[in-house]
Amino acid sequence: MRWGQVELHNVEESLELPGKPGVLLQRLPESVRVQLNEGARNATRRAAGVEIRFVNEGDGAAVVSLASYQFPSKVYVYAGSHYVAEYQVGEEPVEIEAVYPSPGFTPWVIPEQSREGFAPKVWRLIPHGGEVHLLDVRGDGIRPPHQGETPELTYLAYGTSITYGASALTPDLSYIRQAAGRLGLDVLNLGMPGAAHCEAALADHIAGRKDWDIASLCMSINMLNQSVPADEFREKASYMAMTVASRNPGKPVVCISLFPSFADLGHVWPGRNPQATPDEYREVLRSIVAGSGLSNLHYVDGRALLTSYSGLSHDLLHPGNNGMIEIGERLADYIRQQGLLEQLKGQGRG
């Protein structure tokens, strides 16, 4: 969406909230958010995959003012795909100057055929963490990116905190950005930490969006860990997978089953009482896809993407950096091998 001189990517609504200056960068429309479980209502207001994008054609620096509520956020600054700087943002406003890192550096001299995805002159401010508010953008000659300055195709990813990017050191180490970077895709992050319950309202919303070309649905360690029986998981996962794929017949939808975790080792998260096993969830999701009759609906076993427990962080649930990289690399390989993007090249969105 547009906000003044900039593009807000992975932002469905910019909201003014009482007592908080600027606008909240919210990942879902408010009309959808209020229909979700409490955890998801909170999660969708947290920045993950949110980006403030612009090109500065003026002579001076562009200045972006941000604040972060709930808890502090990191803001990562990129020129195209090239890392520039990192900031910590809390409730006190922080001004971020977008200035190319070397005097006289002109990133647009990189040949068009040599760049991947983003034109280097596209500034990308990527906050991650709390509820980020955009307060102000100042500078002459600022404009949103034009077509051709960002990737042609967009990958939408739904899932848990793993999709959100928890335990990855930076957002570009999340498995969805690792996969997208290898495939030259833009990314929409709909990771819901602790709250990915395959809700019908969210399935309907994803199915009705026109801003994505390929999607993955990672379903769902949250439901297993929060005592959802296999039969209930089947009902909700089936509605989500079938709804998203059937309403978008020309777009690939990849269902990803549970990654290896503590649950496969027979352990139970403290205070939890699971009503199914990881393999039961995997078989449910596999059978949903196999019986769907939809040629654009695909299944990938999470154990084929993350092949070793050493890829997990200390909680034996969230992949660390190495695990995220492996998942992203193997997911990108799967998408290539299946030829899932070939039919999309050069096509407009429906």
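Filtering the stretch 139-179 down to residues that are in a loop (DSSP other than H, G, I, E, B) and of a type in the set (A, V, I, L, M, F, W, C), which residue is farthest from residue 331 (Cα to Cα)?
Once the filter is applied, the top-ranked residue is 169.
The condition of being open to solvent by 20 Å² or more (accessible area, probe 1.4 Å) and assigned to a strand (DSSP E or B) holds for residue 136.
The sole residue among 24, 28 that is assigned to a strand (DSSP E or B) and either under 23 Å from the mean Cα position of the chain (by Cα) or surrounded by fewer than 21 Cβ atoms within 10 Å (Cβ to Cβ) (or both) is 24. Among the candidates 328, 323, 250, 271, the residue that is farther than 19 Å from residue 223 by Cβ and modelled with pLDDT under 95 is uniquely 250. Among the residues of the stretch 208-225, just one is open to solvent by less than 20 Å² (accessible area, probe 1.4 Å) and of a type in the set (Asp, Glu), namely 213.
Residue 270 falls short on exactly one of the conditions (1) touching a residue at least 12 places away in the same chain (Cβ under 8 Å); (2) within 20 Å of residue 194 (Cα to Cα); (3) part of a loop (DSSP other than H, G, I, E, B), and that condition is (1). Between 278, 193, 249, the distinction of being open to solvent by 50 Å² or more (accessible area, probe 1.4 Å) and either under 30 Å from residue 29 (Cβ atoms) or touching a helix residue (DSSP H, G or I) at 6+ places or on another chain (Cβ under 8 Å) (or both) belongs to 249 only.
Just for the stretch 2-16: of the residues that are more than 14 Å from residue 128 (Cα to Cα) and without any contact (Cβ under 8 Å) to a residue 60 or more places away in the chain, which one is least open to solvent (accessible area, probe 1.4 Å)? Top of the filtered list is 15. Name every residue in the stretch 226-240 that is within 24 Å of the chain's Cα centre (by Cα), open to solvent by less than 20 Å² (accessible area, probe 1.4 Å) and within 21 Å of residue 271 (Cβ to Cβ), in order of residue number. Scanning the stretch 226-240 gives a single hit, 233. Among the residues examined, residue 116 does not qualify as at pLDDT below 95 and more than 22 Å from residue 321 (Cβ to Cβ).
Find the residue count for the stretch 206-228, including only residues that are farther than 21 Å from residue 179 by Cα, assigned to a loop (DSSP other than H, G, I, E, B) and hydrophobic (A, V, I, L, M, F, W, C). Adding up the residues that qualify gives 1. Scanning the stretch 180-190 for residues that are assigned to a helix (DSSP H, G or I) and either basic (Lys, Arg) or open to solvent by 30 Å² or more (accessible area, probe 1.4 Å) (or both) turns up 181, 182.
The values are calculated or read from the model by the stated rules, or taken from the named source; none is laboratory data. Please read all numbers here as calculations on a predicted model, not as lab measurements. Note that we place each Cβ from the backbone using ideal geometry, even for glycine, and neighbour counts take in every protein chain shown. For accessibility, only protein heavy atoms count, side chains too; no ligands or nucleic acids. Shrake-Rupley method; radii C 1.70, N 1.55, O 1.52, S 1.80 Å.
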